[in-house]
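A.B. asks: Let me give you the structure first, and then I'll get to my questions.
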Amino acid sequence: MMLIEETSVPDAALPVDQFKAHLRLGTGFAEDNVQDEVLKSFLRAAIAAIEARTGKVLIAREFSWSLNGWRDRGGEVLPVAPVTGVDAVTLADAEGVEAVVEVGSYRLEPDSQRPRLRPAGALLPAVGTGGSVKIAFTAGMAADWGGLPADLGQAVLLLAAHYYEYRNETALGDGCMPFGVTSLIQRYRMVRFGAGVVQ
């Protein structure tokens, strides 16, 4: 399995001015934008970290997911949420020859935790021995920063500020995330039941 982010969060969607205000950086100077690229990198890192912790895509973009075969031909769970549309499903045989699956033979079952690709009939199309399937889809909670829930937006700013303030720190433990960020994203995290099984 391989998930590829086909498009990235555009610069225009990043709240650079809000981040500057959050950091209380000075304004009105001739070189106001001298740190913009650095600030964008911290915002992107914070978005990526929160997406990894929650399994939710914040700003809408395109992805492709490649599999060596269906885990369940009755409905394949997609790796991130929320998925807003399936753009294409492509089967490849053992020699790499591709065939696009007819759009009417599958449908998206939206879900905030576990969206699924469902067959229009009984089963998703068979993947041949040595073959693979690639699902191209669009996922995201909002088209731009203004459409994000306020708590997630605040979590991104807090985490980006943490990265900015401790950018030279190397002693923090793996996976360290400030408590305020953790509490803000808690309700968006994937629900798990049983022995680590995601439901």
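A.B. asks: Only Cα pairs within less than 10 Å get springs; with that Gaussian network setup on the chain, which residue of Ala122, Ala142, Ala161 has the largest fluctuation?
C.D. replies: Evaluated over the chain, the most mobile residue of the options is Ala122.
A.B. asks: Then there's this: Could you sort Lys56, Lys134, Lys40 by their accessible area in this structure, using a 1.4 Å probe and putting the largest first? Let's see the in-between values first.
C.D. replies: Numbers: Lys56 10, Lys134 85, Lys40 35 Å².
Ranked from most to least accessible, the order is Lys134, Lys40, Lys56.
A.B. asks: Suppose R0 equals 22 Å; then what is the FRET efficiency for Glu5 and Asp36 from their Cβ-Cβ distance, rounded to the nearest 0.05?
C.D. replies: Details: r = 22 Å, r/R0 = 1.01.
Calculated transfer efficiency: 0.50.
A.B. asks: Among Pro149, Tyr166, Val100, which residue has its Cα positioned farthest towards the positive end of the charge dipole of the chain, with +1 placed on the Cβ of Lys and Arg, -1 on the Cβ of Asp and Glu, and the dipole taken about the Cα centre?
C.D. replies: Looking along the dipole axis, the top candidate is Pro149.
A.B. asks: Multiplying the sequence separation of Ala45 and Ala120 by 0.36 nm and subtracting their Cα-Cα distance, what value in nm do you get?
C.D. replies: Working: separation 75, 0.36 × 75 = 27.00 nm, distance 3.84 nm.
Extra length from Ala45 to Ala120 when fully extended: 23.2 nm.
A.B. asks: Given only helices, namely DSSP H runs of n ≥ 4 each adding -39500 (n - 2.57), what is the per-residue ellipticity at 222 nm of the chain, to the nearest 500 deg cm²/dmol?
C.D. replies: Working: 4 runs with 50 residues, N = 199.
So the calculated ellipticity at 222 nm is -8000 deg cm²/dmol.
A.B. asks: Over all pairs of distinct alpha carbons, what does the Kirkwood formula give as the hydrodynamic radius of the chain, in Å?
C.D. replies: Numbers: mean 1/r = 0.0530 Å⁻¹.
The Cα-based Kirkwood calculation yields 18.9 Å.
A.B. asks: Express in Å², to the nearest 10, the accessible area of Met141 obtained by rolling a 1.4 Å probe over the protein heavy atoms while all chains stay in place.
C.D. replies: Using a 1.4 Å probe on the heavy atoms, I get roughly 60 Å².
A.B. asks: Taking 0.36 nm per residue of sequence separation and subtracting the Cα-Cα distance, how much length would be gained by fully extending the chain between Ser183 and Asp72, in nm to one decimal? It would help to have the intermediate numbers written out before the result.
C.D. replies: Numbers: separation 111, 0.36 × 111 = 39.96 nm, distance 3.40 nm.
Gain on extension, Ser183 to Asp72, equals 36.6 nm.
A.B. asks: Expressed in nm to one decimal, what extension gain is obtained for the pair Thr129 and Glu98 from 0.36 nm per residue of sequence separation less their Cα-Cα distance?
C.D. replies: Working it through step by step, the gained length comes to 9.8 nm.
A.B. asks: With a 1.4 Å probe and all protein chains in place, put Thr7, Thr54, Thr129, Thr84 in order of accessible area, largest first.
C.D. replies: Values: Thr7 50, Thr54 5, Thr129 140, Thr84 90 Å².
These residues rank, largest area first, as Thr129, Thr84, Thr7, Thr54.
A.B. asks: On a 0 to 90° scale, report how tilted helix 36-54 is relative to the longest principal axis of the chain, with both axes built from alpha carbons and the result rounded to the nearest 10.
C.D. replies: 50
A.B. asks: I've got another one for you. Among 97-105, 14-22, how do they line up by average Cβ neighbours within 10 Å per residue, starting with the highest? Before the final figure, lay out each step's value.
C.D. replies: Values: 97-105: 11.2, 14-22: 17.2.
Highest mean packing first, the order is 14-22, 97-105.
A.B. asks: Same structure again: Give me the net charge of Ile4's neighbourhood, meaning all other residues with Cβ under 12 Å from the Cβ of Ile4; Lys, Arg count +1, Asp, Glu -1.
C.D. replies: Neighbourhood net charge equals -1.
A.B. asks: Ordered by residue, what ³J(HN,Hα) values in Hz, to whole numbers, does segment 181-186 give under the Karplus form 6.51 cos²θ - 1.76 cosθ + 1.60, where θ = phi - 60° and Gly and Pro are x?
C.D. replies: Whole-Hz 3J(HN,Hα) from phi for segment 181-186: 5, 4, 5, 5, 8, 3.
A.B. asks: Please compute the contact order of segment 1-130 in relative form: average sequence separation of alpha-carbon pairs under 8 Å and at least six residues apart, divided by the residue count, as a percent.
C.D. replies: Numbers: 159 pairs, mean separation 33.0, N = 130.
Value for segment 1-130: 25 percent.
The values are calculated or read from the model by the stated rules, or taken from the named source; none is laboratory data. Quick caveat, the model's predicted, so the values are computed rather than measured. Neighbour counts run over all protein chains shown; Cβ positions are idealised from the backbone, glycine included. Surface areas here come from the heavy atoms of the whole protein model, side chains and all, with no ligands, DNA or RNA. Shrake-Rupley method; radii C 1.70, N 1.55, O 1.52, S 1.80 Å.
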